[in-house]
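So the structure is just underneath, and the comments pick up after that.
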Amino acid sequence: MNYLLHISVMLEIYILLALSANQKVGLSGLLSLAQAVFYGLGAYTASITITKFEFSYWLALPIAILICVIAGLLFSFVAGKVRELYFSLATLALQIIFFSVAYNWIPVTNGSYGISGISNPEIFGLKINTPASFALFGGVWVLLVILFYVWFLKTPISRLIQATRDDQIAVLSLGKNPNYYKRISIMLSAVIAGIAGTLYATYTTYIDPSSFTLDESILILSIVLIGGAGRIIGPITGAVIYILLPELLKFLQMPDSIAANMRMILFGLLLVLIVRFKPKGLFGKYLIQ
Amino acid sequence: MSEILNIQNLNKSFDGVAPVKDVSFAVSKQSITLITGENGAGKTTLFNLITGLEKPTKGKITFNGNNITGKSALEIAKHGIIRLYQQPRLFKNLLVWENLVSATHQNAGNSFLKLIFKPKTAKQEDETLEQKALDLLTKFDLQDLSNKTAGELSYGQQKLISFCMIAMNGTQLALLDEPFAGLNPQTIERFSNMILQMRSEGITFLIIEHNINEVLKVADGHIEMKDGKIKTINDIATV
């Protein structure tokens, strides 16, 4: 039972990450290879404020969100002006910088040893430290983000974000600043990934730089690619497939040592098949370019 | 009639080529001016200069009494000058009415902060604009297209819809680049009627077009360009 609940928590974290990637990659059409950076920023900010300054989760969370907003804003000033491949290259650079900093800034991040002893969140004096309570807690976050998108996708600004994706010059000719819409999208995406990061850090109570690598960014991107970009359901489906695939293999009585490799093989195979036969992903609105 | 656009001694040159040389003319409010000329006569560069996509080397552009020479494309668009390209540029993944509403400025929900802090105003304004878009489509008998995504439309339909965006946008001066190219005679007629109707509502037009006769039916003035210079200016209204 606990194992199932653990799986649910991981699923919730990946749903948040996939939704955050969808904001950037799907709605804005900005192919980001740095989704794990904002995930990591959220996780590290929460961990550092909680362990070093003994802040509660509820104080660490807004700080983490603020850091993600600032980082997203700074990054969008640099990278928001370029498009397509150049944007992806800029995100790649960001990803590499982040990893190097997390790995080498030992006084703050503790380098490869990571940060341990991160305390769990508390609500009204109740410690969220069992898998069941955390699954519920994560579920509330997922629900909040989904509700946000149900509302947000109908708003004028989300239409303009998608309009900027479709034709930047046309947005400009209408007297609107396409960079503004990209900036908002990058910041929004950073905040959601940051929230996922705070959940991850306080759930596992230990983080190190290996969770926030380029591999992780690419993984998040592939989840969106498989599920499909644009609609809410796409990224969620992608996350469900990624998380439940190894469980399915266990169900088939495959030994763990093989299942771990099989997971990547099957996921990769699925990715190839999707790109070949259903380039928009299972439930996608847009082609990821 | 009062003057809306005034261009004085406009020059553009780069690397020894001068696509626009000493062009001066004025356009009065609510007029329709046709610009013709062979390929390479400088028509498109002239449009690029007016809309700020290229900066003039010399000369002055005044719009509604404001000097807009050398301003950025975004600022100029905010002044109320809109340009429609030869290829219609719609947001192909949005619905037709969403395209029209996206063209507007007076929508609080276009700004993230206003959307968060004044959600009610944003919602109301957006609903009003949605209705305005539907009314506009109905006026031009395009209401059936409202809930289609722009990418599904035919070329002619896309042109008509992109033209409707002008009316949503609070545009004062519309620059049309070959609006009739690739359209059938019925659509051209429909387009001409739309132009006349929008002019009566206060919009001024500058139109580049090879289909001279069609535009001359509705035009008030005709500028012919050759080698970057103005060859002739005819004010049809006075002729």
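The values are calculated or read from the model by the stated rules, or taken from the named source; none is laboratory data. Since this is a predicted model, take the numbers as computed values, not measurements. Note that we place each Cβ from the backbone using ideal geometry, even for glycine, and neighbour counts take in every protein chain shown.
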Can you tell me which residue is nearest to A:GLY230 (Cα to Cα) among those in region A:149-197 that are of a type in the set (Gly, Ala, Ser) and more than 22 Å from the chain's Cα centre (by Cα)? A:ALA163
Checked region A:164-177 for anything at the interface with another protein chain (Cβ under 9 Å from one of its Cβ atoms) and surrounded by fewer than 24 Cβ atoms within 10 Å (Cβ to Cβ); matches are A:ASP166, A:ASP167, A:ILE169, A:LEU172, A:GLY175, A:LYS176, A:ASN177
Top-ranked residue of region B:74-83 - restricted to ones that are at the interface with chain A (Cβ under 8 Å from one of its Cβ atoms) and in a strand (DSSP E or B), ranked as surrounded by the fewest Cβ atoms within 10 Å (Cβ to Cβ): B:ILE82
Scan region B:34-72 for residues that are in contact with a strand residue (DSSP E or B) (Cβ under 9 Å, 6 or more places away or on another chain) and within 10 Å of chain A (Cβ to nearest Cβ) and jot them down. B:THR51, B:GLY52, B:LEU53
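Test B:ASP126 against the criterion of being more than 9 Å from chain A (Cβ to nearest Cβ) and among the acidic types (Asp, Glu), and give yes or no.
Judged against the criteria, B:ASP126 is not a match.
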Scan region B:74-125 for residues that are in contact with a strand residue (DSSP E or B) (Cβ under 8 Å, 6 or more places away or on another chain) and farther than 30 Å from B:THR62 by Cβ and jot them down. B:LYS92, B:ASN93, B:LEU94, B:LEU95, B:VAL96
Consider A:VAL145 against the criteria (1) out of contact with any helix residue (DSSP H, G or I) (no Cβ under 7 Å at 6 or more places or on another chain); (2) surrounded by fewer than 23 Cβ atoms within 10 Å (Cβ to Cβ); (3) not charged (D, E, K, R): it satisfies all of them except one. Which criterion is unmet? (1)
Would you say A:PHE75 is modelled with pLDDT of 90 or more, under 14 Å from A:SER211 (Cα atoms) and among the aromatic types (Phe, Trp, Tyr)? no
Please pick out the residue among A:ILE184, A:ILE236, A:ILE241 that is free of Cβ contacts under 8 Å to residues at least 60 places away in the same chain, closer than 30 Å to A:ILE50 by Cβ and among the hydrophobic types (A, V, I, L, M, F, W, C). A:ILE184
Quick check on region A:235-256. Is at least one of its residues over 30 Å from A:TYR286 (Cβ atoms) and small (Gly, Ala, Ser)? no
Output the residues belonging to region A:1-58 that are in a helix (DSSP H, G or I) and of a type in the set (Ser, Thr, Tyr). A:TYR3, A:SER8, A:TYR14, A:SER20, A:TYR39, A:TYR44, A:THR45, A:SER47, A:THR49, A:THR51, A:TYR57
Only one of (1) away from chain B (no Cβ under 14 Å); (2) free of Cβ contacts under 8 Å to residues at least 40 places away in the same chain; (3) part of a helix (DSSP H, G or I) does not apply to A:ILE218, and that is (2)
Scanning for something within 13 Å of chain A (Cβ to nearest Cβ) and on the phi > 0 side of the Ramachandran plot, does region B:132-143 turn up at least one residue? no
Within region A:169-180, residues assigned to a helix (DSSP H, G or I) and farther than 16 Å from B:LEU84 by Cβ come out as A:PRO178, A:ASN179, A:TYR180
Which residues, counting only those in region A:189-205, are surrounded by fewer than 24 Cβ atoms within 10 Å (Cβ to Cβ) and either farther than 18 Å from A:LEU11 by Cα or among the hydrophobic types (A, V, I, L, M, F, W, C) (or both)? A:VAL191
Considering region B:4-18 alone, what residues qualify as being at pLDDT 85 or above and more than 15 Å from B:THR69 (Cβ to Cβ)? B:ILE4, B:SER13
Candidates A:ILE157, A:ILE161 - the one that is more than 9 Å from chain B (Cβ to nearest Cβ), part of a helix (DSSP H, G or I), hydrophobic (A, V, I, L, M, F, W, C) and within 30 Å of B:ILE76 (Cα to Cα): A:ILE161
Flag for B:GLN106 being in a loop (DSSP other than H, G, I, E, B) and surrounded by fewer than 17 Cβ atoms within 10 Å (Cβ to Cβ): yes
Counted residues, region B:84-107 - those being more than 28 Å from B:ALA181 (Cβ to Cβ) and within 8 Å of chain A (Cβ to nearest Cβ): 2
Considering only helices (runs of 4 or more DSSP H) wholly within region B:144-239, the ones with at least 3 residues that are loosely packed, with under 13 Cβ neighbours inside 10 Å are B:185-200
